[in-house]
Amino acid sequence: EDIFEDIGVNELQKKLYFMHSQIQAGNVQLNDFFRVIECLVGHRPKRFAFCGPQPELHKNLSLSENIFLEAPHGIINNEKSRRNFTQQNFGGNVYLYQLFERLSYPEALGHEVSHLTQKLVAVIRTLLHPDPYLFLVAPQHGMDRTCMELLAKTLLLEQTLNQKIILVAGWPLSDWPLSSKVPVLQMEKKLQDGPTVVSVIHASGQDNKLAS
């Protein structure tokens, strides 16, 4: 059983949450994300997209084909060249489009690029996914400062622009590159055999608990 305490309507309208850094990125399980969604909306997600610490690409497809493989109908472009893509292909998210523009060769095959490029492609693909719940583990890992700032802006815009709930694990607040505050979720057991308590800790230090 999980215990959550009411944090108010304004907090529930937030759609981007970080998992507390006490949860190591390599140990994050889907069930950890599911518990938080149950807290926020009252049920487990039936449709979600997950981007783990290790990117999983179709090695014989181009990077752009990998990105748009599961994108919503109507924004897929059959051409591989960068010049055939616009901001509208990325759900209107200008920062997501700018992340895509950081790919030097979007027509390259998945097995021809570095691990970091594969990770960027996997993150972009996940953020384009039509499902309402997106789970990402250490999406910023290995990125330079400029790319990390673009990703942070992408997440902040995506949560409102396309009405998704986004949970991010493995991104310490000390590495968050923007001044905008992001709620942090902390899961803990007060007693060994007791229920799990989920707290919302703001970057400003304010602490609230969620309850059902």
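The values are calculated or read from the model by the stated rules, or taken from the named source; none is laboratory data. No experiment lies behind these values; they were computed from the predicted model shown. So basically every Cβ, Gly included, is an ideal-geometry build from the backbone, and we count neighbours across all protein chains shown. Just the protein is used for accessible areas: all its heavy atoms, side chains included, with ligands, DNA and RNA removed. Shrake-Rupley method; radii C 1.70, N 1.55, O 1.52, S 1.80 Å.
I need the full set of residues from the stretch 1-41 which are in a loop (DSSP other than H, G, I, E, B) and modelled with pLDDT of 80 or more, in order please.
Across the stretch 1-41, the qualifying residue is only LYS15.
State which residue pairs qualify: first residue at pLDDT 80 or above and inside the stretch 80-95, second residue among the aromatic types (Phe, Trp, Tyr) and surrounded by 15 or more Cβ atoms within 10 Å (Cβ to Cβ) in any location, beta carbons under 8 Å apart, and separation of 6 or more residues or different chains.
Between residues of the stretch 80-95 that are at pLDDT 80 or above and residues that are among the aromatic types (Phe, Trp, Tyr) and surrounded by 15 or more Cβ atoms within 10 Å (Cβ to Cβ), the close pairs are ASN89/PHE68; ASN89/TYR97; PHE90/TYR97; PHE90/PHE100.
Within the bounds of the stretch 100-121, is there any residue that is touching a strand residue (DSSP E or B) at 6+ places or on another chain (Cβ under 6 Å) and at pLDDT below 90?
yes
If I ask for residues that are surrounded by fewer than 13 Cβ atoms within 10 Å (Cβ to Cβ) and within 17 Å of the chain's Cα centre (by Cα), which ones from the stretch 47-70 would you list?
ARG47, GLN54
Quick one: in the stretch 119-130, which of the residues that are in contact with a Lys or Arg (Cβ under 9 Å, 6 or more places away or on another chain) and open to solvent by less than 20 Å² (accessible area, probe 1.4 Å) is nearest to PHE18 (Cα to Cα)?
Residue satisfying both the conditions and the ranking: LEU127.
VAL137: closer than 19 Å to VAL94 by Cβ, touching a Pro at 6+ places or on another chain (Cβ under 8 Å) and either among the aliphatic types (A, V, I, L, M) or without any contact (Cβ under 8 Å) to a residue 24 or more places away in the chain (or both), yes or no?
No: the conditions fail for VAL137.
Any idea which residue in the stretch 133-170 is farthest from the chain's Cα centre (by Cα), counting only those that are assigned to a loop (DSSP other than H, G, I, E, B) and either surrounded by fewer than 17 Cβ atoms within 10 Å (Cβ to Cβ) or at pLDDT below 90 (or both)?
Looking at the filtered set, the residue picked out is ASP144.
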